[in-house]
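For reference, the structure is listed below as structure tokens.
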Amino acid sequence: MNKIQILFFTILTICTGCKPESWQYSRVIPLENITPIGIIRDTDNLWVSDVSNNRLVELSLTGEIIGLYDGFRRPMNIALSRSDNALYVPEYFADTVRIFKNGKISTLQLVNLPDSPAGVAVYKDYIAIADFFGHRIILKNNKDEIIIGQEGHEFGDLYYPTDVAFYNDELFVADAYNNRVMVYDLKGNKLKAIGYEDGINVATGIEVADDRVFVTDFHGNRVLIYDLLGNLQQILTESINEPTDLSYSKKDNLLYIANYGDSSILVYEKK
Amino acid sequence: MKKKSILLPGLMILIISLVSHTAVAQEHAKQEKLKYAQVKVNGMACPFCAYGLEKKLKAIDGVIKIEIDVENGVASLEFEADKMVDKKTIADAVKKAGFTPDSIIFLAKLPEKETKPEF
């Protein structure tokens with residue numbers, strides 16, 4: 001191989017590596033008689049919180065219903081504990097977080113009770129709960145609990161938070177009616193705010209994965225994608241109608257969006 | 001003269017309290033037949049707000065059923081037959097949910113509904 005060929009392959013390799021990622025609309029999974037709020041992608045299936053019917057719905061990746069699980073009182077933005085495959089379900093109406101594992105339901109014990117828990121996230125020994133009417137996050141670490149945020153509009157305050165996500169020992173909060181994402185460390189120190197300049201109109205759901213922050217813009221009918229520093233990477237709009245939550249699958253580079261306004265799930269693919 | 005000056009305000013107070021008591025009793029009597037209420041709320045849009053309003057209204061003692069019409073910003077309430085729920089209680093619940101009540105109307109029956117999702 002001569003020097004020119006080596007140079008050509010080097011440039012080609014660099015260019016391929018530099019190619020900006022792009023998320024593209026792939027398909028829609030219509031849902032009949034289901035009102036999706038929360039969504040989570042498990043290894044082989046999807047889970048949706050069906051808020052108007054007070055149940056969880058288990059779906060195949062192509063949208064066939066595998067199971068219906070009743071008895072949840074207004075389930076909202078759910079989470080999956082990947083270590084023990086348990087689903088965490090915030091019950092908006094009952095002020096509890098239920099743990100659904102192997103068909104059995106238990107209740108998460110909390111010292112600080114939320115007033116309408118809207119979202120939950122699980123990471124290592126931490127469980128974070130978005131306390132909608134409390135304007136705060138309850139961060140549980142084994143038996144200890146700390147409170148993060150308070151009602152307000154300043155940096156670090158929260159105003160009707162609806163969802164939470166962990167990533168690299170940081171806590172990301174969908175600060176819904178401050179129209180932004182607030183980021184804290186696990187001690188509750190405020191680190192940064194993301195998206196406040198991008199015209200978000202109610203940030204209802206959040207997912208952080210693969211060094212990207214995904215945010216649903218409910219009234220803007222958009223999903224905004226940021227890097228971890230808060231730099232906007234892409235805005236998704238195709239077929240999006242009042243999105244409430246999202247879930248990313250690194251396995252196949254797919255992003256699942258709970259499309260509340262259309263009672264459907266949208267699938268976007270990273271190219 | 002002194003007696004008159006004491007008696008007159010006393011009589012006035014008695015009359016006022018009787019009138020107001022009668023008005024309250026009449027309102028309650030009227031409400032006994034009005035088993036329903038419709039609350040118009042400004043700014044209700046996202047499902048978290050709508051279900052939050054549902055939760056706060058359902059916490060009122062005497063409310064047995066609620067329907068929320070998100071599109072039109074209207075909450076329809078049904079009361080237990082023997083329970084009295086006043087406007088202030090409803091307005092307070094709406095405020096707790098983060099909204100300002102636009103109007104609260106008591107009704108004998110709810111208007112015929114179009115296709116509304118039941119919450």
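How about region A:191-233: which of its residues are of a type in the set (Phe, Trp, Tyr) and touching a residue at least 24 places away in the same chain (Cβ under 8 Å)?
Across region A:191-233, the qualifying residues are A:PHE214, A:PHE218, A:TYR226.
Of all the residues that make up region B:78-97, how many are buried (at least 20 other Cβ atoms within 10 Å of the Cβ) and within 14 Å of chain A (Cβ to nearest Cβ)?
3
Could you tell me whether A:GLU269 is of a type outside the set (A, V, I, L, M, F, W, C), on the phi < 0 side of the Ramachandran plot, in a strand (DSSP E or B) and in contact with a strand residue (DSSP E or B) (Cβ under 6 Å, 6 or more places away or on another chain)?
Yes.
Any residue at all in region B:40-58 that is away from chain A (no Cβ under 12 Å) and charged (D, E, K, R)?
yes
For region A:112-225, which strands (runs of 3 or more DSSP E) that fit wholly inside it have 2 or more residues that are among the hydroxyl-bearing types (Ser, Thr, Tyr) and either closer than 24 Å to A:ARG73 by Cα or out of contact with any helix residue (DSSP H, G or I) (no Cβ under 6 Å at 6 or more places or on another chain) (or both)?
Correct list: empty, since no element meets the threshold.
A:MET76 is checked against (1) touching a Pro at 6+ places or on another chain (Cβ under 6 Å); (2) over 19 Å from A:ILE257 (Cα atoms) and fails just one. What number does that condition carry?
Condition (2) is where A:MET76 drops out.
Within region A:32-51, is even one residue modelled with pLDDT of 95 or more, in contact with a Lys or Arg (Cβ under 6 Å, 6 or more places away or on another chain) and either in a loop (DSSP other than H, G, I, E, B) or within 14 Å of another protein chain (Cβ to nearest Cβ) (or both)?
Yes - at least one qualifying residue is present in region A:32-51.
Looking only at region A:226-251, filter to residues that are part of a strand (DSSP E or B) and acidic (Asp, Glu); which one of those is nearest to the chain's Cα centre (by Cα)?
Here the answer is A:ASP245.
Taking A:THR13, is it of a type outside the set (Lys, Arg), at pLDDT below 95 and under 18 Å from the mean Cα position of the chain (by Cα)?
So A:THR13 does not fit the description; no.
Could you please find all residues in region A:63-87 being under 21 Å from A:ASP125 (Cα atoms) and crowded, with 24+ Cβ neighbours inside 10 Å?
A:ASN77, A:ILE78, A:ALA79, A:LEU87
Collect the residues in region B:56-65 that are assigned to a strand (DSSP E or B) and buried (at least 19 other Cβ atoms within 10 Å of the Cβ), keeping them in residue-number order.
Across region B:56-65, the qualifying residue is only B:VAL63.
Of the residues that sit in region A:56-77 and are in contact with a Phe, Trp or Tyr (Cβ under 7 Å, 6 or more places away or on another chain) and within 14 Å of chain B (Cβ to nearest Cβ), which one is farthest from B:CYS49 (Cα to Cα)?
A:ARG73
The values are calculated or read from the model by the stated rules, or taken from the named source; none is laboratory data. Keep in mind it's a predicted model, so treat the numbers as computed, not measured. Here Cβ is always computed from backbone atoms with ideal geometry, including for glycine, and neighbour counts include all displayed protein chains.
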